[in-house]
Amino acid sequence: MNPQPRILVMGAGGIGGIVASTLMEVGSAVTAVSTNAAIRAAVDSAGFRVIDEGEERTVRGWVSPAPEGKYDLCILATQPPNVEDAARTALPHLAEDGQVVVLQNGLCEDRIADVVGAHRVIGGIVAWGASMPEPGRYERTAAGGFSIGRLSGELDADVRRVGELLEAVGPVSLTRNLRGARWSKLALNCAVSALGTIAGERLGSVVRQRRYRRLALEIMSEAVAVAKAEGITLEKVAGTLDLEWVALTDTDRAASASMALTAKHALLLAVGLRYRRMRSSMLAAIERGRTPAIDFLNGEVVTRGAKQGVPTPVNARVVETVWGIAKGTVKSSRETLDRICVADERSPTTIA
């Protein structure tokens, strides 16, 4: 890959807008692409308006309707349902040794490898949050960085160069166990996205309720069970959150209270409050009339669980509910979330 790569960012929503504008700001040669005319018009007229840690700045730039010319690096920052189409659009514009970074939640690297070739694919796990409150206006809602690597485990020069570039956006760690890191993030995303989408609220207000944390623990526990059945060695999320430990045991489920269960609730509360301002991108997609990414998150757990013979009833209820919200037959609300909660009535419902 060219040491000073020409960079293509496919997608200019929350994550894509922050990535593209930051790389532009530090002098990289970046072309951002979006099919959304409102985003293109807003950025073209007023630049990328970025809110980060309460401070707002404007980065002059533009967003194109399609790629032009050749690029050394493509960063895929669309919603998961659009990622394969984005990769197909980018492929003719990749240099011979061009690389593709997959930033989507879920397990999208295999899908993109089928489009562009496995030798091009670098996985990028995003450990921070962003939203686009209106076209062209971007807010970073949670701090953090990236974990990047290849499915092969190789940390070659291209992976390291991508890491250097992304350091402008957030701290980067390199992983030789991308699948394990992906599955751990998937388990967490399945819970976080489900709570935010179904309740229709930001994470902080929801995670304070014990019954909703219990639902999140059940969702993550099913994902961990499926990952184990697939032979995955899970990585800690952000180096600290051990999903294998967080997963509920039979003893946890039988207990009204225990030190282990209390510790798991406390850890989940801490994680939720760290991302308290995060609003589900899946809910935002539904509100904009887009296809939700549920089949790439909880749906992936359900599908793979069926293949492995691992029951995933809670994730299945989440998938059914989110599709109901997307189709307009179900309303995002706490009442809807309550209907899929796992009963834990012997415990208090709120932590102050």
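With the requirement that a residue be small (Gly, Ala, Ser) and touching an Asp or Glu at 6+ places or on another chain (Cβ under 9 Å), what does segment 248-274 give you? Write out each step before concluding.
Taking segment 248-274 as the starting set, the residues that turn out to be small (Gly, Ala, Ser) are 254-258, 260, 263, 266, 270, 272.
Ser256, Ser258, Ala260 - these are the residues of segment 248-274 that are small (Gly, Ala, Ser) and touching an Asp or Glu at 6+ places or on another chain (Cβ under 9 Å).
To keep it simple, each residue is scored yes or no on (1) surrounded by fewer than 23 Cβ atoms within 10 Å (Cβ to Cβ); (2) touching a residue at least 40 places away in the same chain (Cβ under 8 Å); (3) in contact with a strand residue (DSSP E or B) (Cβ under 8 Å, 6 or more places away or on another chain); (4) not basic (Lys, Arg).
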residue: Gly196; (1), (2), (3), (4): no, yes, no, yes
residue: Arg211; (1), (2), (3), (4): yes, yes, no, no
residue: Ala216; (1), (2), (3), (4): no, yes, no, yes
residue: Ile219; (1), (2), (3), (4): no, yes, no, yes
residue: Thr249; (1), (2), (3), (4): yes, no, no, yes
residue: Met259; (1), (2), (3), (4): yes, no, no, yes
Quiz prompt | So Glu56, is it surrounded by fewer than 23 Cβ atoms within 10 Å (Cβ to Cβ) and over 22 Å from the mean Cα position of the chain (by Cα) | solution = yes
Practice problem: Just give me the residues in segment 16-44 being farther than 27 Å from Asp85 by Cβ and outside any loop (DSSP other than H, G, I, E, B), in sequence order. | Solution: Glu25
Quiz item: Quick check: anything in segment 28-49 surrounded by fewer than 24 Cβ atoms within 10 Å (Cβ to Cβ), farther than 15 Å from Pro135 by Cα and at pLDDT below 95?
Solution: no
Practice problem: Output the number of the condition that Met1 fails; it satisfies all remaining conditions of (1) assigned by TED's automatic domain parsing to the domain that holds Gly123; (2) modelled with pLDDT under 95; (3) surrounded by 13 or more Cβ atoms within 10 Å (Cβ to Cβ). | Solution: (1)
Quiz item: Any chance segment 4-22 includes a residue that's surrounded by fewer than 20 Cβ atoms within 10 Å (Cβ to Cβ), in the same structural domain as Ala157 (by TED's automatic domain parsing) and β-branched (Val, Ile, Thr)?
Solution: no
Quiz item: Got a sec? Which helices (runs of 4 or more DSSP H) wholly within segment 199-318 have at least 2 residues that are modelled with pLDDT of 90 or more and within 19 Å of Cys108 (Cα to Cα)?
Solution: 210-229, 298-308
Quiz item: Any residue at all in segment 101-113 that is part of a loop (DSSP other than H, G, I, E, B) and among the acidic types (Asp, Glu)?
Solution: no
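The values are calculated or read from the model by the stated rules, or taken from the named source; none is laboratory data. The structure displayed is predicted, hence computed values, not measured ones. So basically every Cβ, Gly included, is an ideal-geometry build from the backbone, and we count neighbours across all protein chains shown.
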